[in-house]
Structures are given as structure tokens and as C-alpha cells.
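The values are calculated or read from the model by the stated rules, or taken from the named source; none is laboratory data. Given the structure is predicted, the values throughout are model-derived calculations rather than measurements. Methodologically, a virtual Cβ is constructed for each residue, glycine included, from the backbone with ideal geometry; neighbour enumeration extends over all protein chains shown.
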Amino acid sequence: MHFDLSDLRLFIHIAESPSLTQGARKAFISPAAASARIKSLETEVGNRLLYRDSRGVELTPAGQLFLQHARLIMRQVDYLKSEFTEYGTDAAGHIRIFANTTAATEFLPEILGDFLAERPGVTVDLQERLSRDIVRGVLDGSTDLGIIAGPVKAENLQVIHFSTDRLVLVTPKDHPLAGRQSIRLAETAGYPHIGLHEGTTLLRFLQEQVAENGNSLNMRIKVYSFEAMCRLVESGVGLAVMPDSAARRHQRTMNLAVIELNEPWRVRERSILLRDLEALPKVIRALIDRLQTYGLEDSGS
């Protein structure tokens, strides 16, 4: 088989677009030319890759597999270019990261702020995703690395543990539970809760934990950040479960009580997911080193 890199990039554009026309526009060619090149690809692989109709395009099973390999090939091409930019240093390049809620909103902005300030030639695409989407993104090559909390179920991936956090309960200082040293989550069922918005990893995780015991949380309001959660807790709107690192940071400026959760799942291991560390450009390996350094500092080592 022979594949042109421009055809692979075109296929990716079309697969990620609602229509062949829009995919062709991203590749700066006409729809007719794009259609001809896709037909040539299908002939080359001996399988139909796309279903095309008036509503747009849809990948066939063979197309899904082809997309996965095309992404990986183009990612490696981008890595090759990055390695030879600035003579293979970590001073330039582009990094795409899929991360869970805590990473994307709490510690990554600080880490990336310092990292990017030292490297003006580096750009980053940081996207908050659910755990399953993070794993899938690393596997299919749509992201360079993933940052996840909790157990990881993924074959063919390298997992680098870099820090540990735990979930705690946050209440107003004058709340009836505020004096407790530890508490079971089920004991809070009679109180209103504040959670992160629908679709976040932490909300899904908590819902799964309480559902296993046949319970549910009285979720009064869902917001988009831990800071917003803490402000609402301080105002007496409800209780919140969040990572201890976030709770302690906001406790410095707000009237909050932080209570240990007496649950086996409270400890959350943070891990970096990737396909092959040695195959990554120096700039990405430098970021991984920075994350590991952060983990050591965060644990007090």
C-alpha cells in the first residue's frame, strides 16, 4: 500500500467534520478533488471508509480503524518536525493534553504557566475530558498525553504515577457537621450538595460510588469550578466533595471546614497516560518531567 501524507491529513479533516465539503475546506482543496482522493484511498485499502449522503459523512468500521492509524502516523510526523525544530531542543513544539477536571482547573494552569513562560516557542491545547475519553484519546493518537485520577483500565498504554490526592467533604464553618474529624458520604445524604457540572469526571465518579450502595446525592446546584463550589458552600447553599488540594487552597481565604471522608475510594492516584515515552518529542518529555517534579513537591518529598 502507498499513502500520501496529504491524503491522510485530508481523511482526518473529513472524519472530524460534519461533511466532506467542510473537511475539504480545512484541507484547502475543492470538494470534488477531496472526493476523488478519498475514493483513491478506499481503492488502496480495499475497503469503504466513509458513508456519504445529504446529511454528511459517517465512518465505516474500516474507516474508524483507518482514522486511528492515520492520526498516529500524522502525530509521529508532527513529532519528527518538532524534534528538528530548534535542533531538537525542548524550546519549541505543540502539545495536546486531555485531562480530568482537577488537573485542568487546579494544578495544570500553574504548571503550564511556568513551563510556557520558559519556552516562548511552545503551544498547548488543553482539553478537559472524561476518563474514558482520555484513555481513548491517547490510544487513538488524538492527544499526546492524558492526565487522569483513579484506577486506569487500559492495555497498550504506559502509566506514570506522579502524585496522590484524596477526596474530602467541605462544609461551612458553622455547619452541624463541621466539628467531625471524619465522615461517611452516606451520612451526608440528608443535606443538599453542590457539584461540578454534568459530564465532569468527578461528578460521574461520585454518582457511581453512591449508586453502588443504592443511594443518591441531593444535588442542589452544579457549577463549573472548585472555587465556585467553595463560595456556595461558604454561603450555606450546601456541602461539597472535592480534592483535598483544592479544598485547602480555598480554605485559606474562605470560612470553610474540611472533613476527612471515611471511604475506601477517597484516595485518588494521579497518573500520566501515554503510548511510548521514548517516541515523544523532547518538549513533551520535558513537561512530563515537570509534572513528576510537581508531584514530588506536592507530597513533601
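At-a-glance table
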quantity	calculated
Breaking point among (1) within 31 Å of the chain's Cα centre (by Cα); (2) under 15 Å from Ser6 (Cβ atoms), for Ser40	(1)
Residue in the range 263-301 that is modelled with the lowest pLDDT, counting only those that are within 18 Å of the chain's Cα centre (by Cα) and part of a strand (DSSP E or B)	Arg268
Odd one out for Thr164 among (1) surrounded by fewer than 18 Cβ atoms within 10 Å (Cβ to Cβ); (2) in contact with a Leu (Cβ under 9 Å, 6 or more places away or on another chain); (3) over 24 Å from Glu278 (Cα atoms)	(2)
Flag for Leu203 being over 25 Å from the mean Cα position of the chain (by Cα), surrounded by 15 or more Cβ atoms within 10 Å (Cβ to Cβ) and not polar (S, T, N, Q)	no
Residue in the range 167-182 that is at pLDDT 95 or above, crowded, with 16+ Cβ neighbours inside 10 Å and under 23 Å from Ser131 (Cα atoms) present	yes
Test for Asp165: is it more than 30 Å from His69 (Cβ to Cβ), assigned to a strand (DSSP E or B) and among the acidic types (Asp, Glu)	yes
Every residue from the range 246-286 that is of a type in the set (Gly, Ala, Ser) and buried (at least 17 other Cβ atoms within 10 Å of the Cβ)	Ala246, Ala247, Ala257, Ser271, Ala286
Unmet criterion (only one of (1) in contact with a Ser or Thr (Cβ under 7 Å, 6 or more places away or on another chain); (2) part of a loop (DSSP other than H, G, I, E, B)) for His175	(1)
Pick from the range 117-134, criterion under 18 Å from Thr200 (Cβ atoms), modelled with pLDDT of 90 or more and among the hydrophobic types (A, V, I, L, M, F, W, C), ranking: surrounded by the most Cβ atoms within 10 Å (Cβ to Cβ)	Ile134
Tabulated pairs, the range 51-66, first in contact (Cβ under 8 Å) with a residue 12 or more places away in the chain, second part of a strand (DSSP E or B), C-beta under 6 angstrom, 6+ apart or interchain	Val57/Leu50; Gly63/Leu50
